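Engineer: My questions will all concern the structure given below.
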Amino acid sequence: MSGNGNKMWGGRFASGPDAIMEEINASIGFDKVLYTQDIAGSKAHASMLAETGIISREDAREIAQGLDTILSELEKGEFEFSTALEDIHMNIESRLLELIGSPAGRLHTARSRNDQIALDFRMWVKEAAIDTEAALGQLMETFLVKAETHAATPMPGFTHLQTAQPVTFGHHCLAYVEMIARDRGRFRDAIERMDECPLGAAALAGTGFPIDRHMTAKTLGFREPTRNSLDSVSDRDFALEFLSATSICAVHLSRLAEEIVIWSTPQFGFAQLSDKFSTGSSIMPQKKNPDAAELVRAKTGRISGALVSLLTVMKGLPLTYSKDMQEDKEVVFDAASSIALAIAAMNGMISDISINTDKMAAAAGSGYSTATDLADWLVRELNMPFRDAHHVTGRAVAMAEAKGCELAELPLAELQTLDGAIHEGVYNVLSVENSIKSRTSFGGTAPKNVLDQVAYWRSKLA
Ligand code: ARG
């Protein structure tokens, strides 16, 4: 072969690249993780080329054997990567040439690195989405165990982080089960859409060789081939959808992390992380810090950053492939490993967390949390319009505040100064337990509802 510089494409070049050119151009430093996908893609391509008579069966057999050798070299860490060879595709092809000689040169028939990277990356992202979805299934199960155990454990429900109404901790856990279920749905939807094989789009226009794209799509585990060659090499929606599903999921985990941080302060004292998921301070011996939760909260920054980064890379690109698209990978790899770690850490924290039920129950009853129950009682028992009941209740709260007591501790005679018709029965609704039990509307916090929902999700997961 003639030409200077790159042995894969250097035919028309008189000199090799500047060192800086080589550095900015190379992706091997990060795309080497795609070797499994690259080799699977090449094997499928070679065997299709043989099936369709484009190359000989003998060449295809040698190519497949050479690729298997390379795969085992890579797995054993014996493969030598070269920056001069830019990326994983050319590193592998060049090694193949060393191993089997001239048949290696036939592998790239009817193919381009443009459809090759579109394929490799899509296969990688699809697998990452499948793994993330499965890990979230585990986290759901962990939450269901907690929800069942704490179906009747009172905790204060908050709005504005101010005590609002008593709820159960089980109900709170199930709120996260709902979020995680939607996250899983987003990954499943994305997987469904990305399940099309771009191999065979070649550089951008398709090819004149009589390839069988349905065959390679099937071999590589895709539902079908993509339908437009231009879109095939320029589309990165699959990565964007993965990052957006990952970002939303990370936001959920971050909100949970924030709650864990708050709950485990001595001031709240609702929960204690296990020693396995907390750290000490090097100077303050009394401290137990929720570092894992804080780091889950922080990982959300780099994950949503990855989404913004790739959106920004893609937004100005004319069809079809531009080298800008090489910058699509690192952020996706980083987001995928970050979310995997965040889910695993959350799973560990939630399964080991101990709930201080006394402290939660006491807090659930403080801050006049059953005021709405009083107003509802006035509507039900005395047929008061809700607005009037709201006003009367407000005055009862002011009365209790002035006396420094809870609503349930106000004497009946004093309540009757607000409305003469108020009777003993009112005390039934002022307790936290009764308040919680009464919330039986569909989706409400009553312990019975919580158990029903646990059963619902268990049957969906089974
Ligand atoms: N390393 C490249 C990437 O990651 C592979 C595709 C190169 N294609 C090209 N026409 N230079 O995007």
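Engineer: I'd like to check something: does the stretch 140-147 contain any residue that is under 30 Å from Asp237 (Cα atoms), surrounded by 16 or more Cβ atoms within 10 Å (Cβ to Cβ) and of a type in the set (D, E, K, R)? Don't jump to the end; show me each part of the working.
Structural biologist: Filtering the stretch 140-147 for residues under 30 Å from Asp237 (Cα atoms) gives 140.
Next, only the ones that are surrounded by 16 or more Cβ atoms within 10 Å (Cβ to Cβ) stay: 140.
Next, only the ones that are of a type in the set (D, E, K, R) stay: none.
No, the conditions are met nowhere in the stretch 140-147.
Engineer: Suppose we filter the stretch 121-155 for residues that are away from the ligand (no atom under 16 Å from the Cβ) and in a helix (DSSP H, G or I); how many remain?
Structural biologist: The first filter runs over the stretch 121-155 and keeps only residues away from the ligand (no atom under 16 Å from the Cβ), leaving 126-155.
Then keep just the ones that are in a helix (DSSP H, G or I); that gives 126-149.
Matching residues across the stretch 121-155 total 24.
Engineer: Further, regarding this structure: Output the helices (runs of 4 or more DSSP H) that fall wholly within the stretch 25-120 and possess 2 or more residues being within 16 Å of the ligand (Cβ to nearest atom), or say none.
Structural biologist: Per the criteria, 28-31, 35-51, 88-100.
Engineer: Right, another one. Looking at the stretch 176-198 only, could you name the residues that are of a type in the set (A, V, I, L, M, F, W, C) and buried (at least 18 other Cβ atoms within 10 Å of the Cβ)?
Structural biologist: Within the stretch 176-198, Val177, Met179, Ile180, Phe187, Ala190, Ile191, Met194, Cys197 qualify.
Engineer: Can I ask one more? When the stretch 282-334 is examined, which residues are found to be free of Cβ contacts under 8 Å to residues at least 24 places away in the same chain, within 16 Å of the ligand (Cβ to nearest atom) and of a type in the set (Asp, Glu)?
Structural biologist: Residues satisfying the conditions are Asp324, Glu327.
Engineer: Could you go through the stretch 55-63 and let me know if any residue there is touching a residue at least 12 places away in the same chain (Cβ under 8 Å), open to solvent by 10 Å² or more (accessible area, probe 1.4 Å), in contact with a Pro (Cβ under 9 Å, 6 or more places away or on another chain) and of a type in the set (S, T, N, Q).
Structural biologist: No, the stretch 55-63 contains no residue that is touching a residue at least 12 places away in the same chain (Cβ under 8 Å), open to solvent by 10 Å² or more (accessible area, probe 1.4 Å), in contact with a Pro (Cβ under 9 Å, 6 or more places away or on another chain) and of a type in the set (S, T, N, Q).
Engineer: Say whether the condition of being closer than 30 Å to His150 by Cβ and open to solvent by 50 Å² or more (accessible area, probe 1.4 Å) is met by at least one residue in the stretch 320-336.
Structural biologist: Checking the stretch 320-336: not a single residue is closer than 30 Å to His150 by Cβ and open to solvent by 50 Å² or more (accessible area, probe 1.4 Å).
Engineer: Of Ser282, Ser274, which residue is more than 23 Å from the chain's Cα centre (by Cα), farther than 30 Å from Asp115 by Cβ, open to solvent by less than 30 Å² (accessible area, probe 1.4 Å) and of a type in the set (Ser, Thr, Tyr)?
Structural biologist: Ser274
The values are calculated or read from the model by the stated rules, or taken from the named source; none is laboratory data. Please read all numbers here as calculations on a predicted model, not as lab measurements. Counting neighbours? That spans all protein chains shown, and the Cβs are built from the backbone with ideal geometry, glycine included. Heavy atoms of the whole protein, side chains included, go into the accessibility calculation; ligands, DNA and RNA do not. Shrake-Rupley method; radii C 1.70, N 1.55, O 1.52, S 1.80 Å.
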